[in-house]
């Protein structure tokens, strides 16, 4: 009889402990995990929508101008260099990188430009790049620093993408 009492008390204590663990630990934790999962799904959906929006904006921007063919790429690079010179930007180097495939059936030709110029010439040059009618160009990055030779001029490093037709 004594043994049955101990077994019943021990069973009741274990059931009570399981009940307490479930309601005070597991249940709140499960609710937090469920809430975090819903937040994750919402964020993932927002990211997907943002990617779709960015892709459509890139299509719209590229769609305004016709991509050029690879054989015309040299003439466009020469025109960019001539435009820079005309606007007061002295090009030190203009180096096209290897052509890479892009989304939406276009190829990308990255161009690295190093130049010296003043603030005004830099602004006018960037504005002219934006207004190019004959080729879609995207400015990926730029940096300005003081030129070591002439204090009134800036050293410019510019990375642009020139979009090419797939052929």
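A single entry from 16, 25, 10 fulfils the requirement of being modelled with pLDDT under 85, part of a helix (DSSP H, G or I) and surrounded by 10 or more Cβ atoms within 10 Å (Cβ to Cβ): 25.
Comparison of 115, 82 shows that the only residue that is farther than 29 Å from residue 55 by Cα, at pLDDT 80 or above and surrounded by 19 or more Cβ atoms within 10 Å (Cβ to Cβ) is 115. Could you look through the range 85-109, keep only residues that are at pLDDT below 80 and surrounded by 14 or more Cβ atoms within 10 Å (Cβ to Cβ), and pick out the one that is nearest to the chain's Cα centre (by Cα)? Checked the range 85-109; the qualifying residue nearest to the chain's Cα centre (by Cα) is 102.
A Cβ distance below 9 Å, combined with a sequence gap of six or more or placement on separate chains, defines the contacts here; from the range 107-127, residues that are more than 13 Å from residue 160 (Cβ to Cβ) reach residues that are part of a helix (DSSP H, G or I) in the pairs 107/70; 117/84; 117/125; 121/84.
The values are calculated or read from the model by the stated rules, or taken from the named source; none is laboratory data. Note that the structure is a prediction, hence the values are computed from the model and not measured. Glycine also receives a Cβ, built like all others from the backbone with ideal geometry; neighbour counts cover every protein chain displayed.
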